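**Q** The structure under discussion is supplied below as structure tokens; questions concerning it will follow.
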Amino acid sequence: MSIIKVRVVADTEEDIFRDIEIEATDTFERLHKSIIAAFDFREDEMASFYMSNDQWERGEEIALMDMGPADDGLPFKSMSNTVLSDMITEPDQKIVYVYDFIRMWCFYIEVVEMKKRALSTIYPKVSMVFGTSPEQDQKETDLFDDLLIDGEDAPAAKVKPELTGDPEIDAYLMEDDEDEDGGFENIDDLGDEYY
């Protein structure tokens, strides 16, 4: 039984990486859990692996959750149903791993070597640790960047409401009648006859 040794490099200003040795017959889900444990992250966010090339371009996705069948009727690859040896066949292969699609933690994985299993060794195992693991919640999110108006933070009241399909209500919602805070008036002012 062969072992795949990968180097997992965090996309941070400081050099931070972990070398993980894992059985080739394990799944990507097992590798996912090994990476999370090696970097002391909580296991409570979505993640995906992307098979990559030498320029780290994201190719075929292996998602954490089963996404059902693709347009061609074949199932999407998920971490639980994809074995490492089916996708990793030689050293120097590259994979991009994204964890937490809000904070977008990105890790660059390179296959360091493929070797024979050592007797009495329990896999997966972290064989090298370099650098202090970042705090999972330290990374800022860009979730509200699209709410900026003229370079200033936009309060929720300034975001235009979704249209309802009723011409009278939509016309009312799109009027420039703003309240004293600069936000649009509350839809509750329309009265009960529209509900």
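What follows draws every value from the coordinates through simple rules; no lab data is involved. The model shown is predicted, which means the values in this text are computed figures rather than measured ones.
**Q** Please turn the phi angles of region 28-42 into ³J(HN,Hα) values with the Karplus equation 6.51 cos²θ - 1.76 cosθ + 1.60 (θ = phi - 60°), one per residue in order, whole Hz, x for glycine and proline.
**A** With the stated coefficients, region 28-42 comes to 5, 4, 5, 5, 3, 5, 5, 5, 4, 5, 5, 9, 6, 8, 6 Hz.
**Q** Counting alpha carbon pairs within less than 8 Å and at least 6 residues apart, what relative contact order, in whole percent, applies to region 2-130?
**A** Normalised by residue count, the contact order of region 2-130 is 37 percent.
**Q** Calculate the length of the line joining the C-alpha centroid of region 8-22 to that of region 40-93, in whole Å.
**A** Measuring centre to centre over Cα atoms gives 18 Å.
**Q** What are the ³J(HN,Hα) values, in whole Hz, obtained from phi via the Karplus relation 6.51 cos²θ - 1.76 cosθ + 1.60 with θ = phi - 60°, for each residue of region 102-118 in sequence order, with x given for Gly and Pro?
**A** 8, 7, 6, 6, 10, 10, 9, 10, 10, 6, 7, 7, 10, 9, 6, 5, 7
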